[in-house]
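Visitor: Have a look at this one before I ask anything.
The values are calculated or read from the model by the stated rules, or taken from the named source; none is laboratory data. Model, not experiment: these values are computed from the prediction. Here the Cβ positions follow ideal geometry from the backbone for every residue, glycine too, while neighbour counts run over all protein chains shown.
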Amino acid sequence: MLARQKMPQQDPKIRRANFKEVALGFSNEQAVEEAKRCLQCKKPKCVEGCPVEVKIPDFIKHVANGDFDSAIKEIKTVNALPAVCGRVCPQETQCEASCILKKKGEPVSIGRLERFVSDIELAKGVEKPQKPKPTGKKVAIVGSGPAGLTAAADLARMGHSVTIFEALHASGGVLTYGIPEFRLPKTIVNAEVEYVKKLGVTILLDSVIGKIETVDDLLLDFDAVFLGTGAGLPVFMNIDGENLNGVYSANEFLTRVNLMKSYRFPEYDTPVRKGKRVIVVGGGNVAMDSARCALRLGADEVTIVYRRGEEEMPARAEEIEHAKEEGIQFRLLTNPVRIHGDARNWVTHIECINMYLCEPDGSGRCKPMPLAGSEHKIEADVVIIAIGTSPNPLVPRTTSGLEMSKHGTVVAKENGETTKKGVYAGGDAVTGAATVISAMGAGKIAARAIDDYLKTK
Amino acid sequence: MPFTILKKQELVPTIYLMDINAPRIAKKAQPGQFVILRIDETGERIPLTIADFDRKKGTITMIFQAVGKTTTKLSTLKTGDAILDFIGPLGNPAHIENEGTVILVGGGVGVAPIFPQARAFKEAGNKVLSIIGARSANLLLWEDRMREVSDELYITTDDGTKEHHGFVTDIVKKILESGTKVDRVIAIGPPVMMRAVAGVTRPFNVKTVVSLNSIMVDGTGMCGACRVLVGNETKFACVDGPEFDAHLVDFTLLMNRLSMYQPEEKLAFEKYKCVREGCKC
């Protein structure tokens, strides 16, 4: 069996001080070699692992033949954001997890090949897609994150007139405000957004639905509405000291760094506190992103504090690996109980307790329990809370007849249909915080359901 | 759709009025709400309270004091120039009903957001007692507009250059001590002033409302930069406020959090002044 191609990447010692992309992408030769590893299974398991049903063996075959144009065309029939997916999808738990090669060794680098062909196309200039015959139906999409962009692209391809309403001043949702430049360059996000616009989608920025217009208002102008409002509300731990200066939600920290480009302060006006000793609480991708941003802002020491063990960390394996290579410290089985500050309200240290794992709980993971008497202090001048997010209530609170769960998520059927006629929802707004690709999958499914609904109207 | 400046006026030294073309926001704006703006691509997002709105003309009026880099830069823009991003109306509208007698307190640039509330309380049938204060007579804002919508208008100046020599709280206290039945007090101004008003009204047990000017980024509940402690509960000023019960607000925390980026703000402002004034540092 051919060996899996190694992804060229920036040296950890260098990249820990810059915001440039970590993974550099395959060369043409590497891509072809990697593609040749694919067994071209008759019943490809990988496709079943893909929430947006990319015909993986077909596009890989084109790559193996050196026909990169056909490869990207194949992907784009179903996936409007391949350069994003190739970078941020958790392939190891999806397509690559089901790859037959994995049984004997390492799976085909599906994500990296997807990224490769997308980048080739972006470098050449994206071909203008053909516009279908207009149906005369209008759909409003709330939120321009992965769910909204995917639903918009698919609905536009079906011939509907689509308008996206975005609350922030830039498109992309979490792809823009959340995921850092070194993992997903904003030029890539912008290029994918441009492609969606080329499909005929209009994007209205600076439009906070629930404020400037309600969903009920939108239904007067549009035949259907899709809610892709994400899970943008930060969750705090509700412990003492969380309102001290220097304590951030990961959302705020990342929004300042990524959306507002505070890593380029004072060239960009938005400041962010550059800590020397930074603690990040949490074990997901957002925690890894926050830690690695803090490091790049110039911290001497960045420590991840996580209440479970490494096995239980929800972050992508590659992100944990990259964080370690860059020198991020991990304090596992540790949980903060209190944050301490000085007289000027600035954080000075956090008090933690050691944890141990017992029986698996409802999440299938072992429940962490505090170890009495193990309290200890860790110095910090910046603390970032990255323990999760929940859906923003701005839209649900202002929409009549939209049922919500007790967790604040929108209640929707498998196909995205909500309890309000003509209103569909998908992504983190429905599931709570999950992945980019599952949100895209939900956007795709909802687009089909909306199309069916519009045919009956 | 450009957010063009249709009118710009320096009302008093360092305090400016701007009418912005924003018909979609003007259609929905209510007293008590705010906007977030970003001047240009490298700009920060800052919240400004809506001082007035004209649904017919499609304009939002904002009044701001040039104190740091962003507000100073904003003050250099002219009629016809455009602001890159203008987002709103954000926050909850002020609670305006016929309460009976209300005292409206505006301090410094806080007179601007107090005005639409004074007008709305008057229209709702209240007896409106307004107190507006400034450091000095030449910095006093909108005296004429406030007089139009108030049954009684009191003016205070810190230096005694106009009417009462002292603070707005002196008048609030005098009214309450005179035995006038006051049903509600609304105070908008610097945090020290709002805290002082809360302190004066507390013993009289008069419902007092303040509008909090926390640091914000998105203004939609996404980041939590604006968190404030109200009755020992953490709230987001942007979506839970900006108005809160003054007797429950932890003003010390508010002021501490407002000072979070003082060194950075100073640096940015100095660099800006350097570039503008052409120094070689």
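Visitor: With the condition being hydroxyl-bearing (S, T, Y) and either closer than 30 Å to B:L254 by Cα or under 29 Å from the mean Cα position of the chain (by Cα) (or both), I'd like the strands (runs of 3 or more DSSP E) fully within region A:341-388 carrying at least 1 qualifying residues.
Guide: Result: A:347-360.
Visitor: Looking at region A:4-42, which of the residues that are in a loop (DSSP other than H, G, I, E, B), more than 19 Å from A:D119 (Cβ to Cβ) and without any contact (Cβ under 8 Å) to a residue 40 or more places away in the chain is farthest from the chain's Cα centre (by Cα)?
Guide: A:K42
Visitor: Let me ask something additional. For region A:292-302, indicate whether the set of residues that are closer than 20 Å to A:R331 by Cβ and facing chain B (nearest Cβ under 9 Å) is non-empty.
Guide: No, region A:292-302 has no match at all.
Visitor: So, in region A:79-122, how many residues would count as being over 22 Å from A:G145 (Cβ atoms), touching a residue at least 24 places away in the same chain (Cβ under 8 Å) and either in a loop (DSSP other than H, G, I, E, B) or among the basic types (K, R) (or both)?
Guide: Counting residues in region A:79-122 that are over 22 Å from A:G145 (Cβ atoms), touching a residue at least 24 places away in the same chain (Cβ under 8 Å) and either in a loop (DSSP other than H, G, I, E, B) or among the basic types (K, R) (or both) gives 9.
Visitor: Does B:G106 fit the bill of being in contact (Cβ under 8 Å) with a residue 12 or more places away in the chain, within 14 Å of chain A (Cβ to nearest Cβ), in contact with a helix residue (DSSP H, G or I) (Cβ under 8 Å, 6 or more places away or on another chain) and not in a helix (DSSP H, G or I)?
Guide: Spelling it out, it is not the case that B:G106 is in contact (Cβ under 8 Å) with a residue 12 or more places away in the chain, within 14 Å of chain A (Cβ to nearest Cβ), in contact with a helix residue (DSSP H, G or I) (Cβ under 8 Å, 6 or more places away or on another chain) and not in a helix (DSSP H, G or I).
Visitor: Another one. State whether the residues of region A:209-220 include one that is at pLDDT below 95, acidic (D, E), more than 22 Å from B:E44 (Cβ to Cβ) and assigned to a helix (DSSP H, G or I).
Guide: no
Visitor: Write out, first by first residue and then by second, each pair whose Cβ atoms fall under 7 Å of each other, whose residues are 6+ apart or on separate chains, and whose first residue, in region A:204-228, is on the phi > 0 side of the Ramachandran plot and within 14 Å of chain B (Cβ to nearest Cβ) while the second is crowded, with 21+ Cβ neighbours inside 10 Å and outside any helix (DSSP H, G or I).
Guide: Correct list of pairs: A:D206/A:H169; A:D206/B:F86; A:D206/B:I87.
Visitor: Please verify whether A:T176 is buried (at least 20 other Cβ atoms within 10 Å of the Cβ) and either at the interface with chain B (Cβ under 8 Å from one of its Cβ atoms) or assigned to a helix (DSSP H, G or I) (or both), treating the condition exactly as stated.
Guide: Details: buried (at least 20 other Cβ atoms within 10 Å of the Cβ): yes; either at the interface with chain B (Cβ under 8 Å from one of its Cβ atoms) or assigned to a helix (DSSP H, G or I) (or both): yes.
Spelling it out, A:T176 is indeed buried (at least 20 other Cβ atoms within 10 Å of the Cβ) and either at the interface with chain B (Cβ under 8 Å from one of its Cβ atoms) or assigned to a helix (DSSP H, G or I) (or both).
Visitor: Output the number of residues of region A:267-280 satisfying the condition of being within 14 Å of another protein chain (Cβ to nearest Cβ) and of a type outside the set (F, W, Y).
Guide: Number of matching residues: 8.
Visitor: Any chance region A:311-320 includes a residue that's among the hydrophobic types (A, V, I, L, M, F, W, C), closer than 25 Å to A:L244 by Cβ and either outside any strand (DSSP E or B) or at pLDDT 95 or above (or both)?
Guide: First, the residues of region A:311-320 that are among the hydrophobic types (A, V, I, L, M, F, W, C): A:313, A:315, A:317, A:320.
Restricting the remaining residues to those that are closer than 25 Å to A:L244 by Cβ gives none.
Looking for residues that are among the hydrophobic types (A, V, I, L, M, F, W, C), closer than 25 Å to A:L244 by Cβ and either outside any strand (DSSP E or B) or at pLDDT 95 or above (or both), one finds none in region A:311-320, hence no.
Visitor: Please find, within region B:211-238, the residue that is nearest to the other protein chains (Cβ to nearest Cβ) out of those that are out of contact with any strand residue (DSSP E or B) (no Cβ under 8 Å at 6 or more places or on another chain) and in contact (Cβ under 8 Å) with a residue 24 or more places away in the chain.
Guide: B:V217
Visitor: Against the conditions (1) assigned to a strand (DSSP E or B); (2) more than 21 Å from B:I50 (Cβ to Cβ), where does B:I132 fall short? Just the number, please.
Guide: With (1) assigned to a strand (DSSP E or B); (2) more than 21 Å from B:I50 (Cβ to Cβ) applied to B:I132, the lone miss is (2).
Visitor: Anything in region B:1-27 that is among the hydroxyl-bearing types (S, T, Y), out of contact with any helix residue (DSSP H, G or I) (no Cβ under 7 Å at 6 or more places or on another chain) and surrounded by 18 or more Cβ atoms within 10 Å (Cβ to Cβ)? List them, or say none.
Guide: Correct list: empty.
Visitor: Can you report the number of residues in region A:229-261 which are more than 7 Å from chain B (Cβ to nearest Cβ), surrounded by 24 or more Cβ atoms within 10 Å (Cβ to Cβ) and of a type outside the set (V, I, T)?
Guide: So the count comes out to 7.
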